[in-house]
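A.B. asks: Provided herewith is a single structure, encoded as structure tokens, for subsequent inquiry.
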Amino acid sequence: MTKQVECISVFDMLKIGVGPSSSHTLGPWRAARRFIKSLKEAGVFEDIQKVHIDLYGSLSLTGIGHATDVAVIMGLTGADPQTCSIENIPVEVENIKLFKRLNLNGELMIDFDPDMQIIFHKDFLPFHPNGITFRASVQGKDISETFYSIGGGFVVQEERKRAEKKAFQFECFPRPVSLATDLLAYAKNENKPISQIVLENELYLTSEEDINTRMAQIWDVMLDSMYTGCHTEGHLPGGLNVRRRAFDTHKKLIKEGSYTDKYEWLEAIRGIEVRFREILKWVSAFALAVNEVNASLGRVVTAPTNGSAGVIPAVMMYYMVIENHDANFEDVKRFMLVAGEVGSLFKKGATISAAMGGCQAEIGVSSAMAAAGLTELMGGSPEEVLMAAEIAMEHHLGLTCDPIGGLVQIPCIERNAMGAIKAINACEMALDADAANAKVPLDKVIETMWQTAQDMNTKYKETSKGGLAINVAMSDC
């Protein structure tokens with residue numbers, strides 16, 4: 001896959017969506033909506049008689065476990081993954097399967113049998129492992145488009161029609177960034193923290209009011225997913241019979257805390273004195289909570305993916321409840337700006353798709369993002385911020401993606417807790433190091449990660465054909 005420099009906003013890296021996977025759920029969902037938009041632009045929407053979907057490669061091999069079929073169906077209904085009712089998804093999908101009818105974009109009722117019209121192909125398309133083709137029958141002819149879900153909810157077509165436009169936007173950025181060294185140069189030359197450099201680029205695209213509104217929405221969803229996960233007991237769907245662990249851990253830690261909503265909950269946690277072991281448990285509980293919500297088709301923020309959605313909120317919460325009880329929205333904003341920019345460096349120079357690079361591309365990147373954000377809030381210099389990101393990724397290099405049963409549960413959920421702890425550790429190591437003379441630059445780690453991704457055997461790239469996925473059967477769970 002040819003790498004292209006693009007204008008990537010923080011809000012491209014941090015998207016609100018539905019679990020369990022950004023590449024296998026959110027991406028196909030968005031692709032379906034794009035296909036409908038394309039049909040409308042072509043003036044043929046009203047004449048559609050049938051729609052067929054072909055899923056290829058990783059989208060097929062782990063598609064059922066990742067709810068790809070559900071995502072495609074919801075996308076065809078026109079539902080918005082950011083705002084639709086989570087509770088209504090199972091009901092909507094079950095009705096479509098039962099009556100074999102689908103209200104396309106909420107406007108056009110057509111015959112639709114998911115078992116016959118969503119086809120899972122085990123072969124891979126050449127452009128990317130996550131391929132999906134939509135075919136619409138219009139007056140006896142098929143109109144088709146192929147999309148690729150390349151990680152983090154990003155969806156492209158092979159010809160990348162918007163590449164020139166996005167490249168133009170990139171060049172027009174006040175401070176265009178393609179490498180970590182670019183980012184560092186701006187920060188040093190202007191004597192500004194990385195968050196300020198990123199903010200000034202974002203202001204090229206929109207207003208500060210809009211940035212604040214969207215950041216607040218992102219943090220609200222993150223906080224809500226942590227709160228929901230910590231207060232929901234039982235087992236996760238999918239057949240692995242995985243017990244929700246955040247609830248039990250949280251119950252032991254919160255003791256007699258009194259609160260009525262997620263905001264009071266945050267303040268209640270801030271009032272609890274904790275020791276080192278309890279800090280580990282709190283951070284783990286936050287991360288586990290998010291990804292248990294994600295695994296049950298809940299709403300989370302891709303950071304940069306759904307499978308790694310728990311790392312960044314867990315580390316942000318660590319800062320708020322352990323390091324700085326006076327932390328406020330401005331701290332959240334700075335953290336997310338830095339984290340989003342570091343994520344974009346990996347997107348530009350390597351990949352954030354487990355189907356392309358294994359779990360190093362998801363948990364590794366999210367840990368690097370979180371480490372960078374935390375380091376700035378802890379008073380770290382730009383050099384220390386980038387060093388923290390490098391350390392976090394360096395110790396995730398080669399991490400495979402081998403989900404048991406194709407579900408984003410084992411080992412995915414626990415890996416978020418591990419990624420969060422590593423991010424905190426990376427921050428502390430960077431703050432204590434001679435970051436100005438770092439032996440391993442972040443750009444070299446990103447380059448190495450991409451080389452590792454290319455060398456990695458396909459069976460370790462979100463196919464459930466290697467590792468734990470074949471050595472631990474669902475029946476063993």
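A.B. asks: Determine whether the stretch 246-259 contains at least one residue that is closer than 24 Å to Glu362 by Cα, in a helix (DSSP H, G or I) and polar (S, T, N, Q).
C.D. replies: No, the stretch 246-259 contains no residue that is closer than 24 Å to Glu362 by Cα, in a helix (DSSP H, G or I) and polar (S, T, N, Q).
A.B. asks: Further question: Here is a check on your reading of the model: is Ser367 under 22 Å from Ala289 (Cβ atoms) and crowded, with 19+ Cβ neighbours inside 10 Å?
C.D. replies: yes
A.B. asks: Any idea which residue in the stretch 109-126 is nearest to Leu39 (Cα to Cα), counting only those that are in contact with a Phe, Trp or Tyr (Cβ under 7 Å, 6 or more places away or on another chain) and surrounded by fewer than 18 Cβ atoms within 10 Å (Cβ to Cβ)?
C.D. replies: Within the stretch 109-126, the subset in contact with a Phe, Trp or Tyr (Cβ under 7 Å, 6 or more places away or on another chain) is 121, 123-125.
Remaining after also requiring surrounded by fewer than 18 Cβ atoms within 10 Å (Cβ to Cβ): 121, 123.
On the way: His121: 24, Asp123: 27 Å.
The residue in question is His121.
Yes/no matrix, rows are residues, columns are (1) modelled with pLDDT of 95 or more; (2) under 24 Å from Asp142 (Cβ atoms); (3) surrounded by fewer than 24 Cβ atoms within 10 Å (Cβ to Cβ):
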{"position": "Met1", "(1), (2), (3)": "no, no, yes"}
{"position": "Gly19", "(1), (2), (3)": "no, no, no"}
{"position": "Ser22", "(1), (2), (3)": "no, no, no"}
{"position": "Gly27", "(1), (2), (3)": "no, yes, no"}
{"position": "Ala42", "(1), (2), (3)": "no, yes, yes"}
{"position": "Glu87", "(1), (2), (3)": "no, no, yes"}
{"position": "Ile96", "(1), (2), (3)": "yes, yes, yes"}
{"position": "Lys100", "(1), (2), (3)": "yes, yes, yes"}
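A.B. asks: I need every pair where a residue in the stretch 432-443 that is assigned by TED's automatic domain parsing to the domain that holds Ala185 has its Cβ under 6 Å from the Cβ of a residue that is in a loop (DSSP other than H, G, I, E, B) and surrounded by 13 or more Cβ atoms within 10 Å (Cβ to Cβ), sequence separation at least 6 or different chains.
C.D. replies: Listed pairs, sorted by first residue: Asp443/Leu179.
A.B. asks: Note down all Cβ pairs under 6 Å where the first residue falls in the stretch 119-133 and is under 15 Å from Thr25 (Cα atoms), the second is polar (S, T, N, Q) and not in a strand (DSSP E or B), and they're at least six residues apart or on different chains.
C.D. replies: From residues that are under 15 Å from Thr25 (Cα atoms), the pairs are Phe120/Ser60; Pro129/Ser58; Asn130/Ser23; Asn130/Ser58.
A.B. asks: Let me ask you something else. Among the candidates Leu397, Leu442, Leu407, Leu431, which residue alone is buried (at least 24 other Cβ atoms within 10 Å of the Cβ), at pLDDT 95 or above and either more than 23 Å from Ser344 (Cα to Cα) or over 18 Å from the mean Cα position of the chain (by Cα) (or both)?
C.D. replies: Leu442
A.B. asks: Taking the stretch 318-335 only, how many residues are in contact (Cβ under 8 Å) with a residue 60 or more places away in the chain and closer than 15 Å to Asn425 by Cα?
C.D. replies: Number of matching residues: 1.
A.B. asks: Tell me, yes or no, whether the stretch 292-308 has at least one residue that is in contact (Cβ under 8 Å) with a residue 12 or more places away in the chain, more than 24 Å from Pro411 (Cβ to Cβ) and buried (at least 20 other Cβ atoms within 10 Å of the Cβ).
C.D. replies: In the first step, residues of the stretch 292-308 are kept if they are in contact (Cβ under 8 Å) with a residue 12 or more places away in the chain; the result is 292-308.
If we keep only those that are more than 24 Å from Pro411 (Cβ to Cβ) too, we end up with none.
Within the stretch 292-308, none of the residues are in contact (Cβ under 8 Å) with a residue 12 or more places away in the chain, more than 24 Å from Pro411 (Cβ to Cβ) and buried (at least 20 other Cβ atoms within 10 Å of the Cβ).
A.B. asks: If you don't mind, there's one more thing I want to ask. Output the qualifying pairs, or none if there are none: Cβ atoms under 6 angstrom, residues six or more apart or on different chains, first residue in the stretch 71-94 and on the phi > 0 side of the Ramachandran plot, second residue surrounded by fewer than 22 Cβ atoms within 10 Å (Cβ to Cβ).
C.D. replies: Short answer, once both residue conditions are applied: Gly78/Asn105; Gly78/Gly106.
A.B. asks: Answer yes if at least one residue in the stretch 378-385 is in a helix (DSSP H, G or I) and hydroxyl-bearing (Ser, Thr, Tyr), and no otherwise.
C.D. replies: So far as the stretch 378-385 goes, no, none of its residues is in a helix (DSSP H, G or I) and hydroxyl-bearing (Ser, Thr, Tyr).
A.B. asks: Assess whether Asn191 counts as being in contact (Cβ under 8 Å) with a residue 12 or more places away in the chain and of a type in the set (S, T, N, Q).
C.D. replies: On the way: in contact (Cβ under 8 Å) with a residue 12 or more places away in the chain: no; of a type in the set (S, T, N, Q): yes.
When the stated conditions are applied, Asn191 does not pass them.
A.B. asks: Okay, moving on. Applying the selection to the stretch 83-134, what residues are of a type in the set (Val, Ile, Thr) and either under 19 Å from Glu145 (Cβ atoms) or touching a Cys at 6+ places or on another chain (Cβ under 6 Å) (or both)?
C.D. replies: If the condition is that a residue be of a type in the set (Val, Ile, Thr) and either under 19 Å from Glu145 (Cβ atoms) or touching a Cys at 6+ places or on another chain (Cβ under 6 Å) (or both), then Ile110, Ile118, Ile119, Ile132, Thr133 are the ones that fit.
A.B. asks: Among the listed residues Arg214, Arg243, which satisfies the condition of being basic (Lys, Arg) and in contact (Cβ under 8 Å) with a residue 60 or more places away in the chain?
C.D. replies: The unique qualifying residue is Arg214.
A.B. asks: Would you mind stating whether Leu345 is farther than 22 Å from Asn457 by Cβ and crowded, with 24+ Cβ neighbours inside 10 Å? Reasoning before the result, please.
C.D. replies: On the way: farther than 22 Å from Asn457 by Cβ: yes; crowded, with 24+ Cβ neighbours inside 10 Å: yes.
So Leu345 passes the test.
The values are calculated or read from the model by the stated rules, or taken from the named source; none is laboratory data. What you see is a predicted model; the values in this text were computed from it and never measured. Here the Cβ is made from the backbone with ideal geometry for all residues, glycine too, and neighbour counts use every protein chain on show.
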